[in-house]
Amino acid sequence: MFELLPVDPKTIFLLYFWGNFFTCILIFSFSFSYATSDNRKILKWFGLGKLILTLAWILALLRDIIPDFISINIANSMILGACCFETLAMLSLIKTKAKRQYQFQIAITAASIVFFNISTIFDASMNTRVIIGGIGVFVIYLLPTLTYFSEKEKSFFKTFYVLCYIVFEILIAVRIVHRYLYPQNLIISNDTFDSLYSICLFLLTLIGIVGFLLLVKEKQDYKIKKLLNDKNQFFSIISHDLRGPLGSSISLSEILLENIEQYSREEIKEISELLHDSNKNIYKLLENLLEWSRVQTGMITFHPKNILLNALVEENIGLSKNVALNKNISIQFESAELIEAEVDQNMISTILRNLLSNAIKFTDKNGEIKVKLLKNSQKVEVSITDNGIGVPDSIKEKLFKINGKVLQKGTENELGSGLGLLLCKEFVTIHQGKIWVESELGKGSTFRFTLPLKVI
């Protein structure tokens, strides 16, 4: 009958040390040579965890040479801390902003470290310390594993990665139960079970690291593919939407240039107004194109600060009133209280200006627009309601997507590219909020977006 040769603790620690040492080199090499700036941050957390783990195994190898406090307490605290760094990287792969989850992971890790150190202070047996350490590692990895498992978006590498950690958790749990049922006063016993457990755990960890790097690469490739698709759509918008108003502007200027002596003062004024409107459309389109491209290329920076939203809304309503007066549209602002929020002033102003411009564009003369601010729990909701022509159901879902081309003229044939709403979606997402539209054809529309009171 096959019997696995027992593996002594020193050999296991040495195996773990070299394994983590080489994976540190692999992770940091990948980070500096291939990863994007966003993924580099994730790899930094993951690599830092492996680096701490490598140092922890050095301290464990020096047991009986250095003081027990360093080789036991500090080494095991570092192991638990390294697990925390790794799980933070795991969470960052699927949630770019997850402060609560991060805080929860840090709290669990801190509690595990405290319990382990208390057990050593009260001279707990080796078996008890092994069980406490195992429970600590199990609990630290539990939330990220469940988070990955419950994710709706599945892929081969994500499934592969989460299966590695499910098996990892099962191995840890089995060892905890085995130690409880068969207590031993050794870190790693000389029996077949512990030897098999240690080797399986080592191999599974290496496979998990490869899975993590493949998942990072998959995420990076997906982002590059999306950027390329968006770039193609971006140039399509430029070629289609810029050509119209620019061609109109050129034609009108040619008419004035060649036949100005033949026109009366009133006719010249009319052509000049048309030329002005055309140039204004070109400017607005270029402004939105520039802002959107800056967001996509990461050139725009997010600078949140505490701002009184009431004043910001009133300021942007003031900037839109002249355009509204041309159609005799009234804009009313309602808010039951003064609301402060931590936001980027320029981004929120851009959102408000675009939504107000759209509301004016799609509202008939003598219409009405209402802007409301409402605080709800830890969020603030901004709504802009008009009694205009409304949005057909067929294009509601396309409004905030670059690949969903929307062509709808205003009540006075005003042109638009739809880029303004794309920009609004980008800026709201940066603030970790949501934006949507409620509309009924012929009865008007309400565009709503939410913002957290504090950036998380």
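The values are calculated or read from the model by the stated rules, or taken from the named source; none is laboratory data. What you see is a predicted model; the values in this text were computed from it and never measured. Heads up, the Cβs are rebuilt from the backbone with ideal geometry, glycines too, and the neighbour counts pull from every protein chain shown. The protein model used for the area step is the full one, side chains on, heavy atoms only, and it has no ligands, DNA or RNA in it. Shrake-Rupley method; radii C 1.70, N 1.55, O 1.52, S 1.80 Å.
Name the one entry in Lys375, Lys398, Lys305 that is closer than 24 Å to Gly444 by Cβ and of a type in the set (D, E, K, R). Let's see the steps before the verdict.
Values: Lys375 fails: closer than 24 Å to Gly444 by Cβ; Lys305 fails: closer than 24 Å to Gly444 by Cβ.
So the residue among Lys375, Lys398, Lys305 that is closer than 24 Å to Gly444 by Cβ and of a type in the set (D, E, K, R) is Lys398.
For Phe85, the conditions (1) in contact with a Leu (Cβ under 8 Å, 6 or more places away or on another chain); (2) over 22 Å from Phe138 (Cβ atoms) all hold with the exception of (2). Take the conditions (1) modelled with pLDDT of 90 or more; (2) open to solvent by 40 Å² or more (accessible area, probe 1.4 Å); (3) out of contact with any Gly (no Cβ under 8 Å at 6 or more places or on another chain); Ile113 misses just one of them, which is (3). Whenever a residue of the range 305-327 is in contact (Cβ under 8 Å) with a residue 60 or more places away in the chain and under 23 Å from Lys375 (Cβ atoms), its partners that are open to solvent by less than 70 Å² (accessible area, probe 1.4 Å) and part of a helix (DSSP H, G or I), lying with C-beta atoms within less than 8 angstrom and at least six residues away or across chains, give the pairs Leu309/Ile348; Val313/Leu352. Just give me the residues in the range 339-375 being loosely packed, with under 15 Cβ neighbours inside 10 Å and farther than 24 Å from Phe302 by Cα, in sequence order. Result: Lys365, Asn366.
The set of residues from the range 66-108 being basic (Lys, Arg) and either under 18 Å from Asn127 (Cα atoms) or in a helix (DSSP H, G or I) (or both) comprises Lys99, Arg100.
Would you mention how many residues in the range 209-254 are more than 26 Å from the chain's Cα centre (by Cα), at pLDDT 75 or above and not β-branched (Val, Ile, Thr)? Of the residues in the range 209-254, 4 are more than 26 Å from the chain's Cα centre (by Cα), at pLDDT 75 or above and not β-branched (Val, Ile, Thr). Determine if the range 327-337 includes at least one residue that is surrounded by 11 or more Cβ atoms within 10 Å (Cβ to Cβ), modelled with pLDDT of 70 or more and either over 29 Å from Glu381 (Cα atoms) or under 23 Å from the mean Cα position of the chain (by Cα) (or both). Among the residues of the range 327-337, not one is surrounded by 11 or more Cβ atoms within 10 Å (Cβ to Cβ), modelled with pLDDT of 70 or more and either over 29 Å from Glu381 (Cα atoms) or under 23 Å from the mean Cα position of the chain (by Cα) (or both), which makes the answer no.
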